[in-house]
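The values are calculated or read from the model by the stated rules, or taken from the named source; none is laboratory data. In this text the structure is predicted, and so the values were computed from the model without any measurement. Please note: Cβ atoms are built from the backbone with ideal geometry, for glycine as well, and neighbour counts cover all protein chains shown. Surface areas here come from the heavy atoms of the whole protein model, side chains and all, with no ligands, DNA or RNA. Shrake-Rupley method; radii C 1.70, N 1.55, O 1.52, S 1.80 Å.
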Amino acid sequence: MTQNRSLFILLSGRGSNFIAIHEHIQKGELKATIAGVLSNLFDAPGLLKAKEFGYPVHVVAHKGMERRAHELEVEKIIDRADPAFIVLAGYMRILTADFIRKYKHQILNIHPALLPSFPGVHAQKQAWDYGVKLSGCTVHFVDEGTDTGPVILQRVVPVYDTDTVEDLEARILEQEHQAYSEAIDLVLRGGWRIEGRRVIL
Ligand code: GRF
């Protein structure tokens, strides 16, 4: 039996993390396939890119839909694609506990800070405002909390006194583009387990 190495991408924005994953696959650095890309927004730039790359693209507009009803439509599409992992790449929708439980340890997210510091939105600005000297990014499994799931991989970057928030964002994003593919590769290899909060690879 061939192992399922397919990914299903959810995004709402520019999709630079999705594009980086696509490029790693193209270069043969990440042995995976992309079974589909879905957005809640028709005009998400990342979705247009996905179309250009030739992936199956889907839109399930959330406007005017109850949260769970919207998710059930998304689930139907994901289930048809039957991916090994669902990759959140700037998907700006809160997921319900039902969705998260259904795909337990199958949903990945990347957060632009060193969790558990600075969860939630504008993480890079939170870190910059706090005055930390190191920050970075975290790839984690999604659980029912906000950015609280078990950590798969982290990358650290320095914060310089001369940095603007934008400088820090750019430095972290560069690492995100490497870290996400690396983490995906690790979980696709299998053989990992979760002990308490710890992902043992
Ligand atoms: C990234 O900063 C990521 O860490 C966060 O959302 C942003 C998505 O950016 N989860 P992009 O759309 O992948 O460029």
Query raised in the report: How large is the accessible surface per residue of region 108-201, computed with a 1.4 Å probe and reported in Å² as a whole number?
Result: 51 Å²
Query raised in the report: Of all GluC sites (Glu not before Pro) in region 41-78, which ones are in loop regions per DSSP and have a Cβ with at most 10 other Cβ atoms within 10 Å?
Result: GLU66
Query raised in the report: Which net charge results for the neighbourhood of PRO112, defined as the other residues with beta-carbon distances under 15 angstrom from its beta-carbon, given Lys and Arg at +1 and Asp and Glu at -1?
Result: -4
Report task. Report the convex hull volume per residue for the chain, counting only C-alpha atoms, in Å³. Result -> 128 Å³
Query raised in the report: What is region 1-103 by shape, rounded, prolate or oblate, if you read a ≥ b ≥ c off the alpha carbon gyration tensor as root eigenvalues and call it rounded for a/c under 1.5, prolate for a/b larger than b/c, and oblate otherwise?
Result: oblate
Requested in this report: With both partners inside the chain, how many of the DSSP beta bridges are antiparallel, as a percent to the nearest 5?
Outcome: 45 percent
Report task. Hand me the tally of lysine pairs in the chain: alpha carbons under 24 angstrom apart, and the pair either on different chains or 8 or more positions apart. Result -> 14
Query raised in the report: Label ARG193 and MET92 with points 7 Å out from Cα along Cα→Cβ: what is the distance between them in nm?
Result: 4.1 nm
Query raised in the report: If you place +1 on the Cβ of every Lys and Arg, -1 on the Cβ of every Asp and Glu, and leave all else neutral, what size is the dipole of the chain about its Cα centre, to the nearest 20 Debye?
Result: 580 debye
Query raised in the report: Counting only protein heavy atoms and using a 1.4 Å probe, what share of the accessible area of the chain belongs to carbon plus sulfur, as a whole percent?
Result: 54 percent
Query - Listed residues GLY90, GLY64, GLY190, most fluctuating in the chain (Gaussian network, C-alpha, under 10 Å) - result: GLY64
Query raised in the report: In region 126-188, which trypsin sites (Lys or Arg not before Pro) are in a loop and have at most 14 other Cβ atoms within 10 Å, using DSSP for the loop call?
Result: LYS133
Query - Rounded accessible area of ILE172 (nearest 10 Å², 1.4 Å probe) - result: 0 Å²
Query raised in the report: If you place +1 on the Cβ of every Lys and Arg, -1 on the Cβ of every Asp and Glu, and leave all else neutral, what size is the dipole of region 108-201 about its Cα centre, to the nearest 20 Debye?
Result: 420 debye
Query raised in the report: Which of the GluC sites (Glu not before Pro) found in region 99-175 are in a DSSP loop and have at most 14 neighbouring Cβ atoms, other than their own, within 10 Å?
Result: GLU144
Query raised in the report: Ranked by accessible surface with a 1.4 Å probe, highest first, in what order do VAL74, VAL156 come?
Result: VAL156, VAL74
**Report entry** Exposed chymotrypsin sites (Phe, Trp or Tyr not before Pro) absent - longest run of the chain, DSSP non-H/G/I/E/B, at most 11 other C-beta within 10 Å
**Finding:** 43-159
Report task. Please list the non-local residues whose amide H lies under 5 Å from the amide H of ILE34, H modeled 1.01 Å from N, same-chain partners needing a gap of 5 or more. Result -> LEU7
Report summary line: Percent relative contact order for the chain, counting Cα pairs under 8 Å at least six residues apart, stands at 19 percent
